[in-house]
Amino acid sequence: MDKILYLDVEFVNMQNKSICQIGILKEAYPSCEPLFPGKNILINPEDGFHPGCIKVNGITPEMVANCPNFKDTWDSIKDYFTDSVIVGHNVASSDLSALANSCARYNIELPKLCYIDTLDIAKDVMVQTPESKYTLESLCKYFDLDLDNHHNALGDACAARDLFKLFVDKFNINPNNYIKLFTPKNADNFITYVTDNELKNTMYEFYGVIEGFGLDKKVQAEEIKYIKDWRDKNLQYSSMPKFRDIFYTLDKILKDGIITMDELCELKICVRQYCNKIKGALITNSIKELRGILKGIITDNKILTLEGENLLNWLYENSYLRGHEPYDCVLSLFKKQMDDGIITKDESELLMSEINKALNPVENLSKKLLSIPNKHICLSGNFEHGPKEDIIKLIEQKGGIIDTNVKKTTEILVMGGLKCDKFAHGNYGTKFEKAKKMGIDILTEGNFFEILKETESVKL
């Protein structure tokens, strides 16, 4: 062994281990002379992100959206793997497994990979560390090795290098005794990873859209196109067992280019059966369904009296949604416009406009936030972007005025993201309830910063 490649990768989900960052450095052994410069490369995994992985490595979809994918990255790093023994911590089951999956996905021939796992050495030469099992973090802490940026790929690769050298020097091991040949498992066909939340959001809203299409008792050309586009957009999930019945039904009803009401009902039942299997808060799922219905009835760019009547019936049947937007504003709007029993062309256009506003609150509220100076803003909850004091300082720097409590002067209430997960359980807080009664605009933290980013670069 005369060349060592120190390797670590970060990935975005456990299903595919799709790589989002790779850290590598290559040295001569035992001289430690650098043979290739260290690299820390962000990669677009072209796959879904699991929240747990984001929490561990801090890499978000936005950070890698414009980065090259693994296929485009491979040409610049493949020479690192030539005639090298790879060293890493838990490297076979984690890093090399992820590497093999990515090569298989992009039809790249996986090179012969020999490796040394510092985890194996640790288990041989020492007892379990007091802090935990033989993790890279606990071993570095135990031996007082630098690990300043844990779960940064190059940082972990460097830490594995330091740990390997310590084992060789301190315990006088022969590295050749730990060299193994990596044997990849047969990779299944790649299926894009989708989080549970993504599935729920997609399917409950889609169910509502189908309901909306059926409110006028006929399926228009624009609505058929919507269903076809939805199918094409989500076709990558068609092989997943939980979705097979839905895509089978979609293919069947779209075959002749016409969708009858019976066929729409068949699709609706199929999607409903899937939704019934998903756990979730009733109000949260019903609001998604309502948003889908609203999208459905405006897809053909007109709202008929029959659609208004059937929508009102749905709203009355689901009155438990009172107090939750967009239920309240939609109910009030349609009751007013349907007071005489008909929807005129002008009323249809008004309803379309108001529904679009209800479905796109951020887009409409952004106009109010284009100029923050002199805006009275109140904050509630805990914030993902930093301590509330930092958020207050940011707003004041931009000329905003902070209201400690919701009052008559308050124009916007911003709800901290770390508390938004409680919304589904009805725990909105007194500030939220008061702002709602007073008609004050309410934004989540994510929406607030999304609007700020549209107007200027925002960094805390």
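Observations, loosely collected:
- Amide proton proximity set for residue 443, modelled H, under 5 Å, gap of 5+: 413, 414, 415
- Rel. contact order, % - alpha carbon contacts under 8 angstrom, at least six apart, segment 198-304: 57 percent
- The alpha carbons of segment 196-359 stretch over 48, 36, 24 Å along the principal axes, in descending order.
- Remark: relative contact order (segment 1-157) = 29 percent; criterion is Cα-Cα distance under 8 angstrom and separation of 6 or more residues.
- Estimated vicinal HN-Hα couplings, Hz - segment 19-33 in sequence order (Karplus 6.51, -1.76, 1.60; Gly, Pro = x): 6, 10, 7, 10, x, 9, 8, 10, 9, 6, 10, x, 6, 6, 5
- In degrees, nearest ten, helix 305-317 long axis to first principal axis of the chain (Cα): 70 degrees
- In plain terms, the chain from residue 397 to residue 255 could stretch by 45.3 nm, reckoned as 0.36 nm per residue minus the Cα-Cα distance.
- The chain - Rg and Dmax from Cα coordinates, angstrom: 27.9, 91
- Taking every DSSP beta bridge that has both ends in segment 3-181, the antiparallel portion is near 70%.
- Pairs exceeding 20 Å between alpha-carbon atoms, taken from 3/112; 217/295; 55/123; 17/165: 55/123; 17/165.
- C-alpha center-to-center spacing [segment 324-341, segment 220-285] in angstrom: 28 Å
- Taken along the Cα-to-beta-carbon direction at a fixed 7 Å, the label points for residue 230 and residue 78 span 4.3 nm.
- Short-range pairs are left out: with C-alpha atoms under 8 Å and at least six residues apart, the relative contact order of the chain is 11 percent.
- Helical contribution to [θ] at 222 nm, DSSP H n ≥ 4, -39,500 (n - 2.57), averaged over the chain, rounded to 500: -14500 deg cm²/dmol
- Sorted fewest first by neighbouring Cβ atoms within 10 angstrom, 47, 144, 156, 75 come out as 144, 75, 47, 156.
- Contour excess over end-to-end distance, with Cα ends at residue 31 and residue 221 and 0.36 nm allotted per residue: 61.3 nm
- Cβ-placed point charges (K, R +1; D, E -1), dipole of the chain about Cα centre in debye, nearest 20: 780 debye
- Taking a straight line from the alpha carbon of residue 302, these aspartates and glutamates sit under 13 Å away, with near neighbours fewer than eight places off in the same chain left out: 216, 222, 223, 346, 347, 349, 354.
Every number here is computed from the coordinates shown, using simple stated rules; none is lab data. What you see is a predicted model, and the numbers here were worked out from it, not measured in a lab. Cβ: placed from backbone, ideal geometry, glycine included. Neighbour counts: every protein chain shown.
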